[in-house]
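Accompanying notes for the structure given below.
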Amino acid sequence: MPELPDIEAYLEALRSRVLGEELFGIRLVHPFLLRTVEPPLEAVAGRRVVGLSRLGKRLVFEMGEGAAERGRDTPLFLVLHLMIAGRLQWLPPDAPVARGRGLAAFDFAKGTLLLTEAGKKRRASLHLLEGRAALAEMDPGGLEVLDSSLDEFVEALTATNHTLKRALTDPHILSGIGNAYSDEILHRARLSPFRQTGSLSPAEFERLHQATLAVLGDWTRKLVAEARSEFPAKVTAFRPEMSVHGKYGEPCPVCGTAVQRIKYAENESNYCPRCQTEGRMLADRSLSRLLKADWPRTVDELEARGRTGGGGPPAGGASAERKLE
Ligand SMILES: [Zn+2]
């Protein structure tokens with residue numbers, strides 16, 4: 001699932017292509033993509049993209065006044081959630097929509113923004129909202145970590161007692177972090193995914209906060225820089241430069257120990273037993289049950305739980321995610 005650094009990279013690439021540009025219209029190939037009824041999708045045709053932002057793991061296009069609606073200044077917001085397998089492509093103007101994977105095309109003078117989704121399940125979602133209040137309603141409310149102080153971070157994580165893996169990926173607690181970057185953050189912080197947030201010492205919280213800033217900051221800078229030269233084409237949760245995520249059996253880049261995995265519900269967590277769990281292997285049933293008990297059935301479900309929903313049927317996990325890529 002595209003997470004904060006991936007979404008920021010898309011936004012960077014979109015700024016130079018569609019910001020200030022008129023959206024001629026949206027070719028909606030799969031009607032179920034659109035999860036709202038009012039206002040109708042035609043209402044954005046002829047409006048300009050006046051803002052691009054991120055809401056959790058969602059992309060937000062702020063659509064300003066259209067030529068026909070001068071004087072009316074209630075902005076419309078297109079809110080796009082890619083979920084696990086949704087991806088964007090930038091193609092020439094009036095490009096045809098790819099059969100099978102293509103869900104929708106957003107038509108601009110300079111090009112076509114194509115939304116695709118791999119796999120059979122249709123989980124990506126598009127909402128068209130009128131006004132800022134409606135947009136605020138969609139905000140799961142998680143803390144924006146990159147702008148956070150240590151105190152705010154600790155407060156967010158300790159409001160409820162959860163395993164670290166769950167707390168980092170819960171969009172109601174922290175914004176924009178999913179399965180991939182949470183594995184990387186926990187490895188950097190040298191903390192077990194099973195630790196309970198309530199059990200961390202002040203020093204461990206500081207380490208976790210620093211690791212979160214470093215992992216999200218480094219990846220965002222790297223991916224945004226790449227997006228300046230070309231539209232992101234290989235958005236994936238499995239990158240060769242990652243330390244542990246998707247690296248089961250490969251050596252930990254810090255200590256060389258083979259990276260382990262634990263499966264729970266339909267998810268998978270990767271960790272280094274030497275760096276993170278004092279040499280203990282977590283892949284046993286009782287720990288799997290512990291993590292599973294702290295979890296809705298899937299991360300998808302966790303993600304979709306917002307007040308306004310927006311997810312599809314739950315399924316997935318790391319292996320399913322990899323398959324989709
Ligand atoms: Zn290690």
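Size check on the stretch 64-149: the Cα extents along the three principal axes, sorted descending, read 40, 39, 22 Å.
Mind running the shape call on the stretch 135-264? Use the C-alpha gyration tensor, a ≥ b ≥ c as the square roots of the eigenvalues: rounded below 1.5 for a/c, prolate if a/b tops b/c, oblate otherwise.
Oblate, because a/c is 1.5 or more while a/b does not exceed b/c.
For the peptides 238-250, 221-233, 269-281, the ranking by packing is 269-281, 238-250, 221-233, with the highest mean count of neighbouring Cβ atoms within 10 Å listed first.
The HN-Hα couplings worked out from phi for the stretch 109-124 by the Karplus form 6.51 cos²θ - 1.76 cosθ + 1.60 (θ = phi - 60°) are 4, 7, x, 10, 9, 9, 9, 10, 8, 6, x, 8, 6, 9, 10, 4 Hz, whole numbers, x standing for Gly and Pro.
Pairs with C-alpha atoms separated by more than 28 Å, drawn from the list K121/K222; K222/K263; K121/K165; K120/K222, are K121/K222; K222/K263; K120/K222.
For A258, the residues 5 or more places off, or on other chains, whose built amide H falls under 5 Å of its own are C252. Between A258 and R132, how high is the FRET efficiency from 1/(1 + (r/R0)^6) when r is the Cβ-Cβ distance and R₀ = 56 Å? Nearest 0.05. So the FRET efficiency works out to roughly 0.70. Taking amide hydrogens as placed 1.01 Å from N in the peptide plane, the amide H of G25 sits under 5 Å from those of G46, D107, each at least 5 positions away in sequence or on another chain. For the stretch 156-169, putting each phi into the Karplus relation 6.51 cos²θ - 1.76 cosθ + 1.60 with θ = phi - 60° gives couplings of 5, 6, 9, 4, 9, 9, 9, 5, 4, 4, 5, 4, 5, 9 Hz, in residue order, rounded to whole numbers and with x for Gly and Pro.
From the square roots a ≥ b ≥ c of the eigenvalues of the alpha-carbon gyration tensor of the stretch 4-138, which class results: rounded (a/c under 1.5), prolate (a/b over b/c), or oblate?
Values: a/c = 1.42, a/b = 1.27, b/c = 1.12.
Here the stretch 4-138 falls in the rounded category.
Values quoted throughout were computed directly from the atomic coordinates according to the rules given, and no laboratory measurement underlies them. As the structure is a prediction and not an experimental result, all values here were calculated from the model. Positions of Cβ are generated from backbone atoms using ideal geometry, with glycine treated the same way; all protein chains shown enter the neighbour counts.
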